[in-house]
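In what follows, a structure is listed as structure tokens, so that the remarks can point back to it.
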Amino acid sequence: MVSGSFLVLFLSTCGIAIIHTVSGPDHYLPFIALSKSRKWNYITTMAWTLFCGMGHLISSLMIGMLGVLMGWGMHRYKILDDIRGGLSGWLMLFFGVIYLLWAIQNVYRNKSHKHFESDDAGDLFVFEHRHGEVIIPKEKYKVTPWVIFVIFFVSPAEPLIPLFFAPSLQQAYFKLSLLIIGYVCSTLLSMTIMVMIGLYGLQFKSGLFSERYMSVLSACVLLLTGIGMIFFNW
């Protein structure tokens, strides 16, 4: 039977997946640009979108397994789970605070990140970029579908660690599987929907989604989840 706390974890996992995807134009703009420049059909575009999305998910789930390993290592300390909200709730809150501070620091420092740009010929390039910069980048590299796959693979989603910790702490492997399925489906569905919208004519303007604040939004989801589990018995 699914408990209220697990439902919160499941919704948080799906929410982080959607925030991570929709607020990051690099999850869909490259596929829209390549599809138009290479005159891909719909099937080819969706195939590359899903393939690269799976690469991103694999690396994300690999880092999420750290939470699983932590849970396996601590499940024997049952007394810790007698604390109000349980150990998993307090760790969720702690991780949310740390991740939020880290995210705010990155916003303040305006940390560089990868940015995609197409030229007049329709070719797609990637380069390091900071928000607000208008200078021409010193180095930029032509993008192919395989380059996008590599970029996605080395860019995992860190907030998965505490989300996977809770069910593994209870050795609830069925619930853990549901979290993984929820994250995978939410990410791939969000990516394909955004690509479809772009292919059908909607122009995504820079700043339409809060790419700069993506990590802050994810941290807030973790923080609220932890607060709810501890103080409101979610």
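Tabulated results
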{"item": "Residue tally, condition more than 9 Å from the chain's Cα centre (by Cα), under 24 Å from S155 (Cβ atoms) and polar (S, T, N, Q), over the stretch 1-30", "result": "3"}
{"item": "Top-ranked residue of the stretch 35-62 - restricted to ones that are surrounded by 15 or more Cβ atoms within 10 Å (Cβ to Cβ), under 13 Å from the mean Cα position of the chain (by Cα) and of a type outside the set (S, T, N, Q), ranked as farthest from L124 (Cα to Cα)", "result": "L61"}
{"item": "Checklist (1) crowded, with 19+ Cβ neighbours inside 10 Å; (2) modelled with pLDDT of 85 or more; (3) of a type in the set (A, V, I, L, M) applied to V68, failing item", "result": "(2)"}
{"item": "Residue match in the stretch 221-233 (condition: crowded, with 19+ Cβ neighbours inside 10 Å, closer than 17 Å to I63 by Cβ, at pLDDT below 85 and not aliphatic (A, V, I, L, M))", "result": "no"}
{"item": "S190 being modelled with pLDDT of 80 or more, of a type outside the set (A, V, I, L, M, F, W, C) and closer than 23 Å to V216 by Cβ", "result": "yes"}
{"item": "Selection count, the stretch 1-20, where residues are modelled with pLDDT under 80 and either within 10 Å of G182 (Cα to Cα) or hydroxyl-bearing (S, T, Y) (or both)", "result": "2"}
{"item": "Selection within the stretch 194-217 - assigned to a helix (DSSP H, G or I), modelled with pLDDT under 80 and either over 23 Å from S155 (Cα atoms) or aromatic (F, W, Y) (or both)", "result": "Y213"}
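The values are calculated or read from the model by the stated rules, or taken from the named source; none is laboratory data. For clarity, every value in this text was computed on a predicted model and none was experimentally measured. Here the Cβ is made from the backbone with ideal geometry for all residues, glycine too, and neighbour counts use every protein chain on show.
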